[in-house]
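Enquirer: My structure is below; once you've seen it, I'll send some questions.
The values are calculated or read from the model by the stated rules, or taken from the named source; none is laboratory data. The structure displayed is predicted, hence computed values, not measured ones. Don't worry about glycine lacking a Cβ; one is built from the backbone with ideal geometry, like all the others, and counts go over all protein chains shown. Surface accessibility is based on the protein's heavy atoms, side chains included, excluding ligands, DNA and RNA. Shrake-Rupley method; radii C 1.70, N 1.55, O 1.52, S 1.80 Å.
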Amino acid sequence: MQMKKFIAILIAFMMGLHNSISFSADGSYHLDNAKINLDDEQSLQRGARNFINYCLNCHSANYMRYNRLADIGLSDDVIKENLLFTAEKTGELMDINMDSTEAKKWFGANPPNLTVTARSRGKDWIYSYLRTFYVDESRELGWNNLVYPNAAMPHVLWELQGIQNLEDNKLKLTKSGLLSAEEYDQFVLDTTNYMVFMAEPAKLVRHKIGYYVIGFLLILLILVINLKKEFWKDIK
């Protein structure tokens, strides 16, 4: 009976970690659920490609080294041939060559470091943010965002997603992009998946170890309960 109660509490606790409702920073926009999977190496590899090709031009990720991409199944040769644009060795940091002073002139603010954005903002925020840009002619760069209003960042992925307009507080795709809506959502999901990995690469290892630890504790619990019964059977 005690073991059943313990297992029920454990399951309820683990499920509760995944059932929170997310909102944007000002609480006004309900964020879409980013159903990422850190065990999906193909998704993580596509996300790394997307991030390096589209994000690493302006945003740095200099708390991350290129060689950590080996954790998602990429060899040094693949990294050097396809992803090493801002460094010479895979052991170097993911930095950019953009001058911070010039960046502030162009965008009005320095593009933030994205290494740990997934930890500070959350996966749902990133996933929703990259899908909710719309045309706003009142803005200097011509774009605005529902999740992060008046963002200084232009919609760098507009050629892939297409052009959206805000009509009656709803986004409407007025010009198609190179990708279909489903393909673009997958593109953003892969990118979000990679950014979650990048924010804490050791998390993959901890997850694997965690399963073994939980399994060991459950087995130990069964042994302890049976041992307790064996000690007390004569007394009762």
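Enquirer: Once the piece of chain linking Ala181 and Val156 is laid out straight, how much longer is it, given 0.36 nm per residue of separation minus the C-alpha distance between them?
Expert: 7.4 nm
Enquirer: In whole Hz, what ³J(HN,Hα) sequence does region 117-132 give by Karplus (6.51, -1.76, 1.60; θ = phi - 60°), x for Gly and Pro?
Expert: So the J values, rounded to whole Hz, are 4, 5, 7, 7, 9, x, 5, 5, 5, 4, 4, 6, 4, 6, 10, 10.
Enquirer: Let me ask another. I need the calculated FRET efficiency for the pair Glu137 and Ala70, taking r as the beta carbon distance and R₀ as 35 Å, to the nearest 0.05.
Expert: 0.15
Enquirer: Full extension from Val213 to Ala109: what is 0.36 nm times the residue separation minus their Cα-Cα distance, to one decimal in nm? All intermediate terms of the calculation are to be shown ahead of the outcome.
Expert: Numbers: separation 104, 0.36 × 104 = 37.44 nm, distance 4.54 nm.
Stretched out fully, the Val213 to Ala109 stretch lengthens by 32.9 nm.
Enquirer: GNM on the chain, C-alpha springs below 10 Å: top fluctuator among Ala103, Ala199, Ala48?
Expert: Ala103
Enquirer: Which of Phe231, Leu146, Gly177 sits farthest toward the positive end of the charge dipole of the chain, with +1 on the Cβ of Lys and Arg and -1 on the Cβ of Asp and Glu?
Expert: Phe231
Enquirer: Would you mind working out the accessible area per residue for the chain, using a 1.4 Å probe, and quoting it in Å²?
Expert: Per-residue value: 64 Å².
Enquirer: Further, regarding this structure: Could you point to the label whose value was computed as semi-axes √(5λ) of the Cα gyration tensor in Å for the structure here, given [x] 52, 16, 15; [y] 43, 24, 15; [z] 23, 20, 18?
Expert: From the options [x] 52, 16, 15; [y] 43, 24, 15; [z] 23, 20, 18, the structure gives [y].
Enquirer: Order 56-67, 75-86 from most to least packed using the mean count of other Cβ atoms within 10 Å.
Expert: Values: 56-67: 18.2, 75-86: 14.6.
Ranked by mean Cβ neighbours within 10 Å, highest first: 56-67, 75-86.
Enquirer: When the helix-only estimate is applied to the chain (DSSP H runs of n ≥ 4, each -39,500 (n - 2.57), divided by the residue count), what is the mean residue ellipticity at 222 nm, nearest 500 deg cm²/dmol? Working shown, then result.
Expert: Numbers: 9 runs with 104 residues, N = 236.
When only DSSP H runs of four or more count, the value is -13500 deg cm²/dmol.
Enquirer: Tell me which DSSP H helices of the chain clear both cut-offs, 20 Å or more of axial length from alpha-carbon atoms and a mean Kyte-Doolittle hydropathy of at least -0.5.
Expert: Values: long enough: 2-16 (21 Å, 1.37); 181-199 (27 Å, 0.01); 203-232 (42 Å, 1.09).
Helix filter hits for the chain: 2-16, 181-199, 203-232.
Enquirer: Got a number for carbon plus sulfur as a percent of region 33-200's accessible area, 1.4 Å probe? Intermediate results must be reported in sequence, preceding the final value.
Expert: Values: 4110 of 9020 Å².
Looking at region 33-200 in its full context, I get 46 percent from C and S.
Enquirer: Let me ask another. For Asp32, put the label point 7 Å out on the Cα→Cβ axis and report which residues of region 114-153 keep their amide N under 16 Å from it.
Expert: Zone members listed by number: 123-135, 145-148.
Enquirer: What FRET efficiency comes out for the pair Glu41/Leu171, r = Cβ-Cβ distance, R0 = 41 Å, nearest 0.05?
Expert: 0.80
Enquirer: Output the pairs from Lys123/Lys170; Lys35/Lys208; Lys208/Lys228; Lys123/Lys208; Lys123/Lys175 with a Cα-Cα distance over 24 Å in this structure; if there are none, say none. Display every interim value, and only then the final one.
Expert: Working: Lys123/Lys170 22 Å; Lys35/Lys208 19 Å; Lys208/Lys228 31 Å; Lys123/Lys208 21 Å; Lys123/Lys175 27 Å.
The answer is Lys208/Lys228; Lys123/Lys175.
Enquirer: Which residue fluctuates the most in the chain, going by a Gaussian network model with Cα springs under 10 Å, if the choices are Asp190, Asp124, Asp168?
Expert: Of the options given, Asp168 has the highest mean-square fluctuation.
Enquirer: Could you tally the net charge around Gly210, taking each other residue with its Cβ under 14 Å from the Cβ of Gly210, Lys/Arg +1 and Asp/Glu -1? If you can, show how the numbers build up before the last one.
Expert: On the way: positive: Lys203, Arg206, Lys208; negative: Asp39, Glu200.
Value of the local net charge: +1.
Enquirer: On to the next question. Could you work out which residue, out of Val196, Val205, Val147, moves most in a Gaussian network model of the chain, that is, has the largest mean-square fluctuation with Cα springs under 10 Å?
Expert: Most flexible of the set in this elastic network: Val205.
Enquirer: Among Leu204, Val135, Cys55, flag the residue with its Cα farthest along the positive direction of the charge dipole of the chain, charges on Cβ as +1 for Lys/Arg and -1 for Asp/Glu.
Expert: Final value for the positive-end residue is Leu204.
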